[in-house]
1. Of all residues in region 129-138, which are open to solvent by less than 10 Å² (accessible area, probe 1.4 Å) and either assigned to a loop (DSSP other than H, G, I, E, B) or touching a residue at least 24 places away in the same chain (Cβ under 8 Å) (or both)?
2. Considering only region 101-123, state which residues are touching a residue at least 60 places away in the same chain (Cβ under 8 Å) and more than 23 Å from GLY221 (Cβ to Cβ).
3. With the condition kept exactly as written, say whether any residue in region 142-156 is touching a residue at least 24 places away in the same chain (Cβ under 8 Å), open to solvent by less than 10 Å² (accessible area, probe 1.4 Å) and among the acidic types (Asp, Glu).
4. Just need a number here: residues in region 274-317 that are open to solvent by less than 50 Å² (accessible area, probe 1.4 Å), of a type in the set (Ser, Thr, Tyr) and assigned to a helix (DSSP H, G or I).
5. Based on this model, can you work out whether ILE108 counts as open to solvent by 30 Å² or more (accessible area, probe 1.4 Å) and at pLDDT 95 or above?
6. Among the residues that make up region 78-87, is at least one of them at pLDDT 85 or above, within 30 Å of VAL160 (Cα to Cα) and open to solvent by 50 Å² or more (accessible area, probe 1.4 Å)?
7. Just checking, does region 183-196 include any residue being free of Cβ contacts under 8 Å to residues at least 60 places away in the same chain and among the basic types (Lys, Arg)?
8. From the list SER248, SER265, SER237, which one is hydroxyl-bearing (Ser, Thr, Tyr) and touching a strand residue (DSSP E or B) at 6+ places or on another chain (Cβ under 8 Å)?
Amino acid sequence: MEKNTLFTISERTGYSVSTVSRVLSGKGREYRISDKAISAITECAREWNYTPNLIAKGLRTKKTGVIGLLVPSIANPFFANFSSIITSCLIESGYNMFLVDSMENEDIQDKALDSFLARNVDGMIVVPVGTSPERLEKISLRTPVVLIDRYYPETVLPYVCTDNYLGGSMATEYLLSRGYRRLLAIQGARDSMPNRERVRGFEATVGHAGIHVETRVCGSGFSEINGYSETMEAFRSGFRPDAIFAFSITILLGAIRAIKELGLSIPGDVAIISFDDNDFLDYLDPPVTRIAQPVREIGQYASDMLLKLIDGTGIDDGSAGHILFPPNLIEGRSC
């Protein structure tokens, strides 16, 4: 098959290369090219699956029209939702997306960043893994980077996240207000900023309660198996919590499975509250009480911030590009 180039389309339609180029770049009307020519060229391009060479276009315009999006687990409903929202926001602004799953692995993250740079992306939105911002800060000197969901202490990188300390405190305070006194907190990836802040909010709220509360913080990943195994271990070891704080929806699902296998009821035998929101939580039996992050607002804000950095207009909202959105509590009947 012939290479799908402007020259091929020119030969097949009989129109000049410059006319073909103008039509396919969306400037047919601007150059007063006839409807007949536009229709013929567009149809030929569609027939031969022509797509513009974005790298070549980038050499001319200094932009490729591509944004790199890096998340730690596309299998996690939270990050799948985040990715969908950000993609929608940026496609509406005329960009294409290059999505990579780092699988909570710093080596994979580094390879993904190399891939973004090799493709000359115009900017990056990153849910980072690891404990050092050095690589991303160096990249930001040439390519705009916005962190989302997670950030590094003292970093110069702009970020848009939820106030996870507040969320951890809200969930704990809610459990205590309802009389629960043996609390199991099942955490996620221990080095991630959201996890550390949720633990900090949990422990600080218990410490300030002024009442006797037995607690256990355990776990090491935002996964269903983590929620399942830690719940099983708690009951088998004799801790027997009267309430569980799951640090993610995936952890929640694992914990619910364990509770069911143990022959226990929610909330009769053990209550449960989760961090993160999803519509399906209202259809579980019972509907789950949770701390909801304002995902749509965060995704829109981060997208707008990145576009400003790409356009060179900068961030002028007085925040130094460091934004924390407050979460809210959605009551179900699980605690």
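1. To start, the set of residues in region 129-138 that are open to solvent by less than 10 Å² (accessible area, probe 1.4 Å) comprises 129, 136.
Selection gives VAL129 alone.
2. Filtering region 101-123 for residues touching a residue at least 60 places away in the same chain (Cβ under 8 Å) gives 104, 119-120, 122-123.
ARG119, ASN120, ASP122, GLY123 - these are the residues of region 101-123 that are touching a residue at least 60 places away in the same chain (Cβ under 8 Å) and more than 23 Å from GLY221 (Cβ to Cβ).
3. Within region 142-156, one or more residues are touching a residue at least 24 places away in the same chain (Cβ under 8 Å), open to solvent by less than 10 Å² (accessible area, probe 1.4 Å) and among the acidic types (Asp, Glu).
4. Selection size over region 274-317: 1.
5. Yes: the conditions hold for ILE108.
6. Just the residues of region 78-87 that are at pLDDT 85 or above, to begin with: 78-87.
Of the ones still in play, those that are also within 30 Å of VAL160 (Cα to Cα) are 78-87.
Still in the list and also open to solvent by 50 Å² or more (accessible area, probe 1.4 Å): 81, 84.
Yes, the conditions are met somewhere in region 78-87.
7. yes
8. Values: SER265 fails: touching a strand residue (DSSP E or B) at 6+ places or on another chain (Cβ under 8 Å); SER237 fails: touching a strand residue (DSSP E or B) at 6+ places or on another chain (Cβ under 8 Å).
That would be SER248, the only listed residue that is hydroxyl-bearing (Ser, Thr, Tyr) and touching a strand residue (DSSP E or B) at 6+ places or on another chain (Cβ under 8 Å).
The values are calculated or read from the model by the stated rules, or taken from the named source; none is laboratory data. None of these values were measured; they are calculated from a predicted model. Virtual Cβ from ideal backbone geometry, glycine too; neighbours counted across all protein chains shown. SASA here: full protein model, heavy atoms, side chains in, ligands and nucleic acids out. Shrake-Rupley method; radii C 1.70, N 1.55, O 1.52, S 1.80 Å.
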